[in-house]
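Q: The following block contains the structure, expressed as structure tokens.
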Amino acid sequence: MNRSIENATAEHAEDAEKKVVQRAQRPLRLPLLICAIAVCLLAGTAFWRRASVDPSLVATVRKGPLTAQLTTSGILKPIQSITYRSPLAGREAEITELVAEGTRVNEGDLLVRLDTTDLQREVERVRQEVRQSQVDLQVAEIERQEADATIKSVAEGEGALGIEEARTRLQLVQKKVERLRQEHEQLKPLMEKGFITREELKRTADELEQSEEELALARKRADVVIGLTHPRDTQRAHLQLAQKEASLENARAKAQEAQARLKQLVDQVENCRIYARRPGMAVYEEFLNASPRRKIRAGDRVTGSQGLVTIPEVNRMLMEASVSEAEVHRVRPSQPATIRVEAFPDLRLTGKVTRVGTLARASADRPFEDKRFDLIVELDPTGADLRPEMTARADIVVGTRTDVLLVPVNAVFEQQGAMVCHVVRPLGIETRQVELGESNDVMVEIVSGLSDGDQVTLTDPGKAASPAPSPGGAGQHQDRARSGRSNSHVLQPR
């Protein structure tokens, strides 16, 4: 019994001792517990944020294909356009009729009619000049024929006859001199023998002397006719023929010039009715002589340098745009594009890149910033009611991605210079830094930071970060920060 009492006393003493020790340790546990709770709260604040997330504002990370695009905006221009002007160079004419601006015209439709009153008067005057020139031409032709006949006359007619007469007379006189000389020689012996008298011999000698003088004169006349008169007449006839031929050519040139002038005036009268050579839409040109400037209208007096109506071929249009220096290496001719026109929000047109600028353009105020390259996108033929100078936007396909992680672009936020996503976890929302690939205004490629099946919020729970602009690979955000959203390298899900 005593042993039982001793055991009970010992147990009571041990319990009392334990209580004393616990009471001594209690002040030390409370600060430690408070510190542990504080550390857990700080850690949870740093890595986890509890929130009630609306399921409609949560997206699931998934894998899929993307098509890389470059989005740019610009202005529509016609591929071809014809500006019609007055056909009267150096002459003013009044516009009497003008097609209504904005009218869609077909080939052969009347566009402009100019007043031809002054032209008609000049046409009548030139017609009279043509008739007179024809008469002058006929006279010149007759005179040339006469000059030609004169040459023939000198060579084969009267000139040749004069030469022949001089030669014949010379021959006759020569024969007469020979005959008289023989007679004189024969009469000398007869006079010596007394058969004839001295007077008869003297008479024969006088005749011989006279004939010899006639022979000398005939020889001189023949020399003059053959050596001087005939060559002179021949030269004069040829000179006269040359003059008449020159006059004929001059008359012919004047007649041709008058005829050409008449044809030109007649053509100008006809051309004062200006017709469309191609279908398109009529657009008035500005009247250069008006102050302030205004569009052309009926009643204006215009010259050949004044544009009247321009007909752009609206069925074939192109878009003049530009691309940033950081993105120009991604664009090349023949890349397909989808074009959206601001005036027709539901319209989708197709086209392709036809030209990329060789040299960059820079702003005059900031020559070392915001450099851009010209870009031409040609639209495929369409029946849409497109007009020049309309604002359009082109999505140019520059590449593709397959089997990549995708999230909506509004699930990516910029936080302190880094791109982040807010991932929904069982204990709250986790903010993760992500690396972005290609994107468009709908989806963005996640290179690292998320896994397939992760759920991300479409809003920023902390309200401290702003949604990130659609990135397009390394350096894309910086390019957007400089140039805004007018030109972004993006991806679109197929």
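What follows is calculated from the coordinates using simple rules that are stated; it is not laboratory data. All values reported here derive from a predicted model rather than from experimental measurement. Neighbour counts are summed over all protein chains in view; Cβ atoms, including those assigned to glycine, are modelled from backbone coordinates with ideal geometry.
Q: Among the lysines, which fall within straight-line cross-link reach of LYS371, defined as a Cα-Cα distance under 29 Å, with same-chain neighbours fewer than 8 residues apart omitted?
A: LYS77, LYS352
Q: Positive end of the charge dipole of the stretch 272-333 (Lys, Arg +1 and Asp, Glu -1 on Cβ, about the Cα centre): tell me which of ASN315, VAL302, PHE287 has its Cα farthest that way.
A: It is VAL302, whose Cα lies furthest towards the positive end.
Q: Shifting gears a bit: May I have the extent of the alpha carbons of the stretch 327-433 along their three principal axes, as whole Å values ordered from largest to smallest?
A: 58, 39, 28
Q: Name the long-range amide H neighbours of ARG316: under 5 Å, sequence gap of 5 or more, or other chain; modelled H, no Pro or chain starts.
A: ILE79
Q: To continue, here is another question. How would you rank 304-314, 426-436, 155-165, highest first, on the average number of other Cβ atoms within 10 Å across their residues?
A: Peptide ranking by packing, descending: 304-314, 426-436, 155-165.
Q: Tell me which residues come under 5 Å, amide H to amide H, from THR103 once H is placed; ignore anything under 5 positions away on its chain.
A: Under 5 Å from the amide H of THR103 lie the amide H atoms of ALA282, each far enough along the sequence or on another chain.
Q: In nm, what is the difference between 0.36 nm times the number of residues separating ALA298 and THR402 and their Cα-Cα distance? Don't skip to the end; give the middle numbers.
A: Working: separation 104, 0.36 × 104 = 37.44 nm, distance 6.19 nm.
Result for the pair: 31.2 nm of gain on full extension.
Q: A further question on this structure: Convert each backbone phi in the stretch 131-138 into a coupling constant with the Karplus relation 6.51 cos²θ - 1.76 cosθ + 1.60 (shift: θ = phi - 60°), then list the ³J(HN,Hα) values in order as whole Hz, x for Gly and Pro.
A: Those phi angles translate into 4, 5, 5, 5, 5, 4, 5, 5 Hz.
Q: Could you run the Karplus curve 6.51 cos²θ - 1.76 cosθ + 1.60 with θ = phi - 60° over the stretch 102-109 and give me ³J(HN,Hα) per residue in whole Hz, x for Gly and Pro?
A: Along the stretch 102-109, the couplings run x, 6, 7, 10, 10, 4, x, 6 Hz.
Q: Could you sort the peptides 253-260, 291-298 by per-residue average Cβ neighbour count (10 Å cutoff), highest mean leading? Mind showing how you got there, number by number?
A: Working: 253-260: 15.6, 291-298: 11.1.
Listed from highest to lowest mean packing, they are 253-260, 291-298.
Q: Additional query: Apply the Karplus parameterisation 6.51 cos²θ - 1.76 cosθ + 1.60, with θ equal to phi minus 60°, to every residue of the stretch 248-259 and state each ³J(HN,Hα) to the nearest whole Hz, in sequence, with x for glycine and proline.
A: So the J values, rounded to whole Hz, are 5, 5, 5, 5, 5, 5, 5, 5, 5, 5, 5, 5.
Q: 5 Å is the cut-off here: which amide hydrogens, built 1.01 Å from N in the peptide plane, fall below it relative to LEU111, excluding neighbours closer than 5 in sequence?
A: ILE274, TYR275, ALA276
Q: Please give the Cα centre distance for the stretch 213-287 versus the stretch 124-177, rounded to the nearest Å.
A: Between the Cα centres of the stretch 213-287 and the stretch 124-177 lies a distance of 20 Å.
Q: If you don't mind, another one. Can you tally the lysine pairs in the stretch 119-271 where the Cα-Cα distance is under 22 Å and the two residues are eight or more apart, or on different chains?
A: Step by step, the pairs that qualify in the stretch 119-271 add up to 11.
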